[in-house]
Amino acid sequence: MTASPQENIRNFAIIAHIDHGKSTLADRLIQLCGAVTDREMKDQILDSMDIERERGITIKAQTVRLNYKARDGKTYVLNLIDTPGHVDFAYEVNRSLAACEGSLLVVDASQGVEAQTLANVYQALDNNHEIVPVLNKVDLPAAEPEKVKQQIEDVIGLDASNAVMISAKTGLGVPDVLEAIVTRLPPPKGDRAAPLKALLVDSWYDAYLGVVVLVRIVDGVLKKGMRVRMMGTGAAHDVDKVGVFTPKLVDFPELGPGELGFLTGSIKEVADTRVGDTITDDRKPAAEPLPGFRAAQPVVFCGLFPVDAADFEELRAAIGKLRLNDASFTYEMETSAALGFGFRCGFLGLLHLEIIQERLSREFDLDLIATAPSVIYRIKLTNGEEIELHNPADMPDPVKITEIAEPWLRATILTPDDYLGSILKLCQDRRGVQVDLSYVGNRAMVTYDLPLNEVVFDFYDRLKSVSKGYASFDYHLTEYRAGDLVKMQILVNGDPVDALSMLVHRSQADRRGRAMCEKLKDLIPQHMFQIPVQAAIGGRIIARETIRALRKDVLAKCYGGDVTRKRKLLEKQKEGKKRMRQFGKVEIPQEAFIAALKMDD
Amino acid sequence: MSGTDPGFAVYLHWPFCAAKCPYCDFNSHVRHQPVDQARFAEAFATEIAMTADRTGRRDVASIFLGGGTPSLMEPATVGKVLDAVARHWNVAPNAEITMEANPSSVEAERFRGYRAAGVNRVSLGVQALDDRELKFLGRLHNVEEAYRAIEIARATFPRLSFDLIYARPGQTPEAWAAELRQALSRAADHLSLYQLTVEEGTPFANLYAAGKLKVPDPDAAADLYAVTQEICDAAGMPAYEVSNHARPGAECRHNLVYWRYGEYAGIGPGAHGRLRLHDGRHATSTERLPEAWLARVEARGEGLIVDDILSQEEEGDEMLLMGLRLAEGIDVARYQALSGRALDPAQVADLVAHGMVERTLAGHVRATRAGFFVLDAVVADLAA
């Protein structure tokens, strides 16, 4: 196979809210173009990780090259790029979109436009995309395609009159989508004779091939055997393989302008490849890199500790391995008085944090304790120094602090009118500052400035619960603002538990302290003695609960026939005790740490 | 109670009942055709012979006929089975030979036959002294019959115990105190007093899950347990085990073998055993389903389906689990020899400080009265 004529290439992404049918539509397009046999077909073919399939999310960008014989008789190469959809990966999404000329905007015909969709459409428009609106699930009784078309026009300002009506599930209308891609999206531009300029879209580690780099060729030609240079990091690598995904990996001798494919070479770690970097020919480099490159910045931090201290080395190895495949999270060793040795890890957001935690426990079979998620605070000291605080445990003595600033974000929330009141209250409670409120039909669109500190806590869970799951939410970080922040400690049986300490706004301290104590009261099992659980700021107790002493816990009957069963119960109990942490005389189960920080007050 | 050699006991399981009680999770089966008792007796004898081949000729301190409902056995069946035990092991003349029995009038008529067959102690499943409560518990007898059975048993057997189940739904400490005093007035020198436990897989468990059965919460259960101890102490029948009360010297020797973690052979369907053989302590159990057990024994001489050698840690756990249920506690030196580990002194000190256990001059660690209330937590602490 050789490079295709540029005018017959179409590069596109699919933008959709979770559950609006992105993966199903992608599956149908792949099937219609005959890229996989029926035997090879499984649902969500592009989501290769178990976590992606189960949660219906995409973490890594994937591409698939399809050959489509259009109604005009010509055969086109369609490159579908499947992007992550979550706000945590906003930058990755942006770079994926930058690799395409157009997008399909898939909207559930009964649900309408959601906040996440909005954010991604704006990103697509920023990347000068031609956008084809696609209304999915039009065959369902609850579908209101006309209303949703109107909404697309009102909210996004896109002409939806020629939206494609489909049911990705049954396949209805899907051929029209293919035809719209060919006729309505532009072919890529690009100069074959110019020096190589390729966008690094994503990368991952493959056990057989090493680091696989997903690229979009903008100008020039990428050839097997050439030496390329990353213009951002400055590193040079020899290219071993060049090719495309169909979705199977297929080798090509070269990739020309407008094409999407991969390269492998002498690249050791994913960390050596930065999403958004420009790849050029080392011997004939491009004059200028592509615009828009920036390094990934973790915004949420938490400590990860092994439940069994003996697993520390295993955790170190596992984190190292994950990092091979995900350069966007950072880690450094941390010691906690309560939890022993572990790592302070930085993540792109809460979902990213959850994914990493889940992958560590699932792929490496590790039991972990995660401490309260924290953001980066900027602290001005009396001596004029300014420090970044990643861990509440490291907070300097308050008398040495002149100011603490915290990151703020701007959030867009779309919600049915019915839930607006509760959502406004939630935002207000979380120190939000309203920026805008407008209506689109019977849906309200609210814009709020919120401290990230309040959002990492449990904002998303609360939002889902007060809106019964109907509100959608998206945000981007804006700036640092000074605030009246204090360190809150949790004392169990009089001993401070450093892993549970956190920085909170003074106005929130009582509420959070109370909520935390109430939660811990239920999470810490009864002991043979009474246990006070307290929240404190400095030396002042702001909340207190008491775990009553265990009064009765004994089997009534235990004879010769019961011993085996009871012994197995005891073994389980012993196993459970290993999963607990001893704080003074109190044992706190691992679940308590995780659950204590997921509040539903 | 004296001596720390727990001895060797034989447990025989008769797996049939006239009806299944809704709280019971024992291996019991209701058969609507008459059971071929002669054939079962023969199979018991076969399994006894086979087990004795493994253990060698041991001195038997106790034999216990449990169930199910062993009082559904013909006296002749009991005789055949006891004879088989005596043929293969040495049964001392003063050995304790206990049988569980239901206090119905039909069964009471067979008591003399059992006595003649060698039974010298009977344990009656009285369970409650209130007709409505007996119905709720699914029992087939009434209070009148129970009293009558107690009288006959007292006249027939040298030793007698009976069981009561308390902490029943809605039972107040006052009501239970009255019932317990009534029981004490009828008791000989041993009583087993169990708090109602909702066991998995029983009809009560289903009711409980459906919210139709409410058992006392831990606070109420603790109050009821406290009342029980108070009344029994005053009556001279203190708890020598969590749920068992006796006048000093009248403890059930058979159960002491379990709690002191001695050896016992388990004979019959679904019976468990602990046997110390040349290669370690074996945990054994047999096929549970009576007919399948019978077929197995007839085909291969024994009904064993589990025969595991316990690790030191497992032995240690079992000894703790059983031994701390006794007021006398466990012999620390023996625990150490058995488990290959010492009790953590800091852990013991901590439990002593909380008033849950105490050390004795004889080198035992034992649960205090307060420790009995939360014994499972105490054991978990010591085993961890």
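Return the residues of region B:270-293 that are at negative phi and more than 23 Å from the chain's Cα centre (by Cα); say none if nothing qualifies. Please lay out each step first, then the result.
Pass one, region B:270-293, residues at negative phi: B:271-279, B:281-293.
Once the filter is applied, which keeps residues that are at negative phi and more than 23 Å from the chain's Cα centre (by Cα), region B:270-293 yields B:277, B:278, B:279, B:291, B:292.
Could you tell me whether any residue of region A:565-579 is touching a residue at least 12 places away in the same chain (Cβ under 8 Å), surrounded by 19 or more Cβ atoms within 10 Å (Cβ to Cβ) and more than 9 Å from chain B (Cβ to nearest Cβ)? Please lay out each step first, then the result.
Of region A:565-579, the ones touching a residue at least 12 places away in the same chain (Cβ under 8 Å) are A:576, A:578-579.
Remaining after also requiring surrounded by 19 or more Cβ atoms within 10 Å (Cβ to Cβ): none.
Checking region A:565-579: not a single residue is touching a residue at least 12 places away in the same chain (Cβ under 8 Å), surrounded by 19 or more Cβ atoms within 10 Å (Cβ to Cβ) and more than 9 Å from chain B (Cβ to nearest Cβ).
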Subject >> Candidate set: region A:282-316, residues that are out of contact with any Gly (no Cβ under 9 Å at 6 or more places or on another chain) and in a helix (DSSP H, G or I); chosen: the one nearest to residue A:271 (Cα to Cα) >> reply: A:316
**OP:** Might you let me know whether region A:38-53 holds any residue that is surrounded by 17 or more Cβ atoms within 10 Å (Cβ to Cβ) and at pLDDT 65 or above?
**Re:** no
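Residue-wise test of (1) modelled with pLDDT under 95; (2) within 11 Å of another protein chain (Cβ to nearest Cβ); (3) touching a Lys or Arg at 6+ places or on another chain (Cβ under 6 Å); (4) loosely packed, with under 15 Cβ neighbours inside 10 Å.
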| position | (1), (2), (3), (4) |
| --- | --- |
| B:335 | no, no, no, no |
| B:356 | no, yes, no, no |
| B:361 | yes, no, no, yes |
| B:371 | no, yes, no, no |
| B:378 | no, yes, no, no |
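Being under 23 Å from the mean Cα position of the chain (by Cα) and either free of Cβ contacts under 8 Å to residues at least 12 places away in the same chain or outside any helix (DSSP H, G or I) (or both) is the filter here; which residues of region B:146-160 pass it? Give the steps one after another, and end with the answer.
Just the residues of region B:146-160 that are under 23 Å from the mean Cα position of the chain (by Cα), to begin with: B:146-147, B:149-154, B:156-160.
B:151, B:157, B:158, B:159, B:160, listed by residue number.
Pick out, from region B:89-145, the helices (runs of 4 or more DSSP H) lying fully within it that include 2 or more residues that are open to solvent by 30 Å² or more (accessible area, probe 1.4 Å), of a type outside the set (Phe, Trp, Tyr) and under 18 Å from residue B:163 (Cα atoms).
Values: elements: B:105-108, B:111-117, B:131-136.
Of the helices (runs of 4 or more DSSP H) lying wholly inside region B:89-145, those with at least 2 residues that are open to solvent by 30 Å² or more (accessible area, probe 1.4 Å), of a type outside the set (Phe, Trp, Tyr) and under 18 Å from residue B:163 (Cα atoms) span B:131-136.
Residue by residue, here is whether (1) open to solvent by 60 Å² or more (accessible area, probe 1.4 Å); (2) farther than 30 Å from residue A:499 by Cβ holds:
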site	(1), (2)
A:443	no, yes
A:458	no, no
A:470	yes, yes
A:483	no, no
A:488	no, no
Subject >> Number of the exception - residue B:76 against (1) over 24 Å from residue B:148 (Cα atoms); (2) surrounded by fewer than 16 Cβ atoms within 10 Å (Cβ to Cβ); (3) out of contact with any Asp or Glu (no Cβ under 7 Å at 6 or more places or on another chain) >> reply: (1)
Subject >> Matching residues, region B:271-293, being facing chain A (nearest Cβ under 9 Å), over 30 Å from residue B:189 (Cα atoms) and in contact (Cβ under 8 Å) with a residue 24 or more places away in the chain >> reply: B:283
Original post:
Among A:304, A:339, which is the only one that is hydrophobic (A, V, I, L, M, F, W, C) and modelled with pLDDT under 85?
Top reply: A:339
Original post:
With respect to residue A:543, is the statement that it is modelled with pLDDT of 95 or more and aliphatic (A, V, I, L, M) true?
Top reply: yes
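Among strands (runs of 3 or more DSSP E) lying entirely in region A:471-564, which contain 1 or more residues that are away from chain B (no Cβ under 14 Å) and within 30 Å of the chain's Cα centre (by Cα)? Break it down stepwise before answering.
Details: elements: A:472-483, A:485-492, A:502-505, A:531-537, A:540-547.
Here the list reads A:472-483, A:485-492, A:502-505.
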Original post:
Which residues, counting only those in region A:509-536, are at pLDDT 95 or above and among the β-branched types (Val, Ile, Thr)?
Top reply: A:531, A:533
Original post:
Which condition does residue B:295 not pass, out of (1) within 27 Å of residue B:39 (Cα to Cα); (2) in a loop (DSSP other than H, G, I, E, B), if it passes all the others?
Top reply: (2)
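Consider residue A:551 carefully, then state whether it is crowded, with 17+ Cβ neighbours inside 10 Å and in contact with a Leu (Cβ under 7 Å, 6 or more places away or on another chain).
Numbers: crowded, with 17+ Cβ neighbours inside 10 Å: yes; in contact with a Leu (Cβ under 7 Å, 6 or more places away or on another chain): no.
No, not satisfied.
Every residue, every condition in (1) among the charged types (D, E, K, R); (2) open to solvent by 10 Å² or more (accessible area, probe 1.4 Å); (3) part of a strand (DSSP E or B), yes or no:
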residue	(1), (2), (3)
A:183	no, yes, no
A:199	no, no, yes
A:204	no, yes, yes
A:239	no, no, yes
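Inspect all residues belonging to region A:99-106 and state whether any of them is part of a loop (DSSP other than H, G, I, E, B), more than 26 Å from residue A:290 (Cα to Cα) and either touching a Cys at 6+ places or on another chain (Cβ under 9 Å) or open to solvent by 10 Å² or more (accessible area, probe 1.4 Å) (or both). Full working, then the answer.
At the first step, the residues of region A:99-106 found to be part of a loop (DSSP other than H, G, I, E, B) are A:99-101.
Okay, now just the ones that are also more than 26 Å from residue A:290 (Cα to Cα), so none.
No, the conditions are met nowhere in region A:99-106.
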Subject >> Lone qualifier among B:296, B:366, B:300 - being within 25 Å of the chain's Cα centre (by Cα), away from chain A (no Cβ under 14 Å) and surrounded by fewer than 22 Cβ atoms within 10 Å (Cβ to Cβ) >> reply: B:366
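In a helix (DSSP H, G or I), within 23 Å of the chain's Cα centre (by Cα) and free of Cβ contacts under 8 Å to residues at least 60 places away in the same chain - does that describe any residue in region B:31-44?
Initially, region B:31-44 is screened for residues in a helix (DSSP H, G or I), giving B:37-44.
Going one step further and asking which of them are within 23 Å of the chain's Cα centre (by Cα), we end up with B:40-41, B:44.
After this cut, where a residue has to be free of Cβ contacts under 8 Å to residues at least 60 places away in the same chain as well, the list is B:41.
Scanning region B:31-44 turns up at least one residue that is in a helix (DSSP H, G or I), within 23 Å of the chain's Cα centre (by Cα) and free of Cβ contacts under 8 Å to residues at least 60 places away in the same chain.
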Original post:
Restricting attention to region A:354-413, which residues are of a type in the set (Asp, Glu), touching a residue at least 12 places away in the same chain (Cβ under 8 Å) and under 27 Å from residue A:90 (Cα atoms)?
Top reply: A:358, A:363, A:388, A:406
Subject >> region B:342-354, residues that are open to solvent by less than 50 Å² (accessible area, probe 1.4 Å) and within 9 Å of another protein chain (Cβ to nearest Cβ) >> reply: B:350, B:351
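The values are calculated or read from the model by the stated rules, or taken from the named source; none is laboratory data. Bear in mind that the values here come from a model prediction, so they are computed numbers and not experimental data. For neighbour counting, all protein chains shown are included, and Cβ atoms are generated from backbone atoms with ideal geometry for every residue, glycine included. Accessible surface areas use protein heavy atoms only, side chains included; no ligands, DNA or RNA. Shrake-Rupley method; radii C 1.70, N 1.55, O 1.52, S 1.80 Å.
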